[in-house]
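Report on the structure given below.
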Amino acid sequence: MKKKVGLFMGSFDPIHVGHIAVITKVLNLGLVDEIFIVTTPGNPWKEEPGASFELRNLMIGQTLGNEYQRLRSKVFIIHGGDDNWNVEPFRDKEDGQFYSYIQLGLIKEKYPENDYYIIGGTDVKESISRWKNSAWILENFKFLPVLRAGMGEGDTDENYPLPPIHLSSTDIRNAIKAGYNPVPYIAESTWDIIKDYKLYGLQ
């Protein structure tokens, strides 16, 4: 029987308790066996991330390794390809942009034994039709709707006792820029990295 793996894709700029709530919810409901966190190097529709690909992954790794160790047996940072920290394998050769289909293809090629489910709200599912090579993505990857503020309505929430967390990475960045301490909305280890590297306009 194939392993069911959820693909939680995003900028994670930075990772916060809303992301952890989605991960925990999917695992609590037994919807997948494992979750791959897939950090996107860039988004052709958004401005450049506030933190580098490497630092965003470092924050994820520290968060899972420190504050949320219980998740480590089922949650992994995976990007496909031979070098997870090198973004070049994920760059489209024609226009130099980063697209999800490249990362998804590399993951499927590297771990062909799994069934994959893209985690997101129904708004994410609707937006996939605008992604590059969307037909291939929809043909090869199932969709797992989960409710989180800003992710649209999800079909898996009817019997779940805990409400979604209304939080976004933009909220965190704006709070930091305004001089506020964002803990506990982000992990202490994430906050330490942000302070060490003076990220998100921190003075």
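The values are calculated or read from the model by the stated rules, or taken from the named source; none is laboratory data. All figures in this text were calculated on a predicted structure; none of them were measured in a lab. Every residue, glycine as well, gets a Cβ built from its backbone with ideal geometry; the counts of neighbours run over all protein chains shown. Side chains included, ligands, DNA and RNA excluded: accessible areas come from the protein's heavy atoms. Shrake-Rupley method; radii C 1.70, N 1.55, O 1.52, S 1.80 Å.
Might you let me know whether segment 118-128 holds any residue that is in contact with a strand residue (DSSP E or B) (Cβ under 9 Å, 6 or more places away or on another chain) and at pLDDT 90 or above?
The first filter runs over segment 118-128 and keeps only residues in contact with a strand residue (DSSP E or B) (Cβ under 9 Å, 6 or more places away or on another chain), leaving 118-122, 124-125, 127-128.
When the remaining residues are screened for being at pLDDT 90 or above, the result is 118-119.
Yes, there is a match, as at least one residue in segment 118-128 is in contact with a strand residue (DSSP E or B) (Cβ under 9 Å, 6 or more places away or on another chain) and at pLDDT 90 or above.
Which of (1) under 19 Å from I194 (Cβ atoms); (2) among the aliphatic types (A, V, I, L, M); (3) assigned to a helix (DSSP H, G or I); (4) open to solvent by less than 30 Å² (accessible area, probe 1.4 Å) does V22 not meet, given it meets every other one?
Of everything listed in (1) under 19 Å from I194 (Cβ atoms); (2) among the aliphatic types (A, V, I, L, M); (3) assigned to a helix (DSSP H, G or I); (4) open to solvent by less than 30 Å² (accessible area, probe 1.4 Å), V22 misses just condition (1).
Within segment 107-133, track down each residue that is open to solvent by less than 60 Å² (accessible area, probe 1.4 Å) and free of Cβ contacts under 8 Å to residues at least 12 places away in the same chain.
Result: S127, single match.
Regarding E34, is this residue over 23 Å from F98 (Cα atoms) and of a type outside the set (V, I, T)? Can you show your working first?
On the way: over 23 Å from F98 (Cα atoms): yes; of a type outside the set (V, I, T): yes.
Answer is yes for this residue.
Looking only at residues that are in a helix (DSSP H, G or I), open to solvent by 40 Å² or more (accessible area, probe 1.4 Å) and of a type outside the set (F, W, Y) in segment 87-105, which one is farthest from K2 (Cα to Cα)?
E88
Counting only residues that are at pLDDT 95 or above and of a type in the set (K, R), how many does segment 2-52 have?
The total comes to 2.
Which of the residues that make up segment 182-201 are part of a loop (DSSP other than H, G, I, E, B), on the phi < 0 side of the Ramachandran plot and open to solvent by less than 70 Å² (accessible area, probe 1.4 Å)? Spell out how you get there, then give the answer.
Within segment 182-201, the first condition is being part of a loop (DSSP other than H, G, I, E, B), and the residues that meet it are 182-187, 198-201.
Remaining after also requiring on the phi < 0 side of the Ramachandran plot: 182-187, 199.
Hits for segment 182-201 are P182, V183, I186, A187, L199.
Please name all residue pairs, on different chains or six or more residues apart, with Cβ atoms under 7 Å, provided the first residue is in segment 74-93 and is closer than 26 Å to L27 by Cα and modelled with pLDDT of 65 or more and the second residue is outside any strand (DSSP E or B) and of a type in the set (G, A, S).
Filtered contacts from segment 74-93: I77/G61.
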